[in-house]
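Structure first, then comments.
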Amino acid sequence: MQAPVRPLLPEVVRRFAAWCAVALLLAGVVYVGIRLCVEFRTAVVPVLLALLGTALLGPLHRWLVERRMNRSLAAGLTCVAVVCVVGGAVYIVVAALIDTGDQIVASLKNAAQDIAAHFGAAGTSLDDLASNAKELLTKFGGTAASGVISGVSVVGETLAMAVLALFLVFFFLRDSYRASGAVRSLFPRSAGDLAEAIARRAFEAVEGFMRGTTLIALIDAVCITVGLLVLDVPGAVGLGALVFVGAYIPYLGAFISGAVAVLVALADRGFVIALWALGVVLAVQVLEGHVLQPVIQSRTVQMHPAVVMVAITAGASVAGVLGMLLAVPLTAAVFGVVHELRLRYSSEAPEEAAGSAGSVGS
């Protein structure tokens, strides 16, 4: 009688090797997908931005359609509304920063002089920095000129992607009722239900995140604007608009917009008012973190702050500021897909177990 063949590796080691192979395969697929998205960013980025815009503007479009407005007209009015809102916010922010820009620069210059007077070292005074900057500009003038040219091309590319994203938002809103059929047509009939459920769950997660973030950003902007108006800080409305825009980049956006508000208060109103402005910003952030986030986004995909920070860092390393903007909603979509798959397979497992038990009993 032949002896049974014993495996060379223990069961634990073989399972660990199998999971490592799956992890490496998944990492390779993700890496290749990211590289392809980077190569075709002029097409991928407008699509992602359009999906975010559709998730945010979908309720307004549906409200117009429910009022028996033509779908194309409703989509067009929605796009016009978002252009007016975004354009107005950008104009207010830029105008406020231009009005107080000289004061901010003067305040920073005075602070640098004070620091140099108390902790000055060789080569760190303002005169030394100015001479070093002049030498650098003389040495790398050609590089700076090429940088300006590349910057102009980047601005043109950004405008083109923004226009394309706006057109895609129009088409996505107008033809949103065909989305389920389009998703089903991309997969075999047996996988159509699962594909539609996954796509719907991912979009609902992004929609909930965008809607909750917008409401939180609006509350933050209103509270900080009121506080800055009470403190008589110039450009309070523009700074509030900056807070609203920065809220779409969790944590980092609030930090940057709050720092700008404190700098403006320091430049125009002095150190004491700047401390009060800092207190207003910190109070609003505490209100957001302990009240607004748990209450408003309690019905959407919940993500730990550590996951959000890692997603923002990864997005910044891949696509800079744009990656930071897209990282969190894309992570929310992934969490939504994982939640849908877990619900489906956890509900199917007991049914299979019950079926097998019935067949054994018979």
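The values are calculated or read from the model by the stated rules, or taken from the named source; none is laboratory data. This one's a predicted model, so the numbers in the text were calculated from it and none came from an experiment. With ideal geometry, Cβ positions are generated from the backbone for all residues, glycine too; neighbour counts draw on all protein chains shown. Heavy atoms of the whole protein, side chains included, go into the accessibility calculation; ligands, DNA and RNA do not. Shrake-Rupley method; radii C 1.70, N 1.55, O 1.52, S 1.80 Å.
Worth a mention:
- Which numbered condition Val183 fails, given (1) among the aliphatic types (A, V, I, L, M); (2) modelled with pLDDT of 85 or more; (3) in contact with an Asp or Glu (Cβ under 9 Å, 6 or more places away or on another chain): (2)
- Just one of the listed residues (Ala55, Ala122, Ala117, Ala50) is in contact with a helix residue (DSSP H, G or I) (Cβ under 9 Å, 6 or more places away or on another chain), at pLDDT below 80 and not hydroxyl-bearing (Ser, Thr, Tyr), namely Ala122.
- Residue in the range 292-304 that is open to solvent by less than 60 Å² (accessible area, probe 1.4 Å) and among the small types (Gly, Ala, Ser) present: no
- Taken over the range 235-258, the criterion of being open to solvent by 40 Å² or more (accessible area, probe 1.4 Å) and farther than 14 Å from Val90 by Cα is satisfied by Tyr251, Leu252, Phe255, Ile256.
- Failed item, numbered, when Leu231 is tested on (1) at pLDDT below 85; (2) open to solvent by 20 Å² or more (accessible area, probe 1.4 Å): (1)
- Among the numbered conditions (1) open to solvent by less than 80 Å² (accessible area, probe 1.4 Å); (2) part of a helix (DSSP H, G or I); (3) not small (Gly, Ala, Ser), the only one that Met69 does not meet is (2).
- Residue in the range 240-260 that is over 19 Å from the mean Cα position of the chain (by Cα) and over 16 Å from Ala221 (Cα atoms) present: no
- Among residues of the range 191-235, those that are closer than 17 Å to Val260 by Cα, in contact (Cβ under 8 Å) with a residue 40 or more places away in the chain, among the aliphatic types (A, V, I, L, M) and not in a loop (DSSP other than H, G, I, E, B), counted: 2
- Qualifying residue in the range 32-45 (condition: in contact (Cβ under 8 Å) with a residue 60 or more places away in the chain, in contact with a His (Cβ under 9 Å, 6 or more places away or on another chain) and under 29 Å from Phe172 (Cβ atoms)): no
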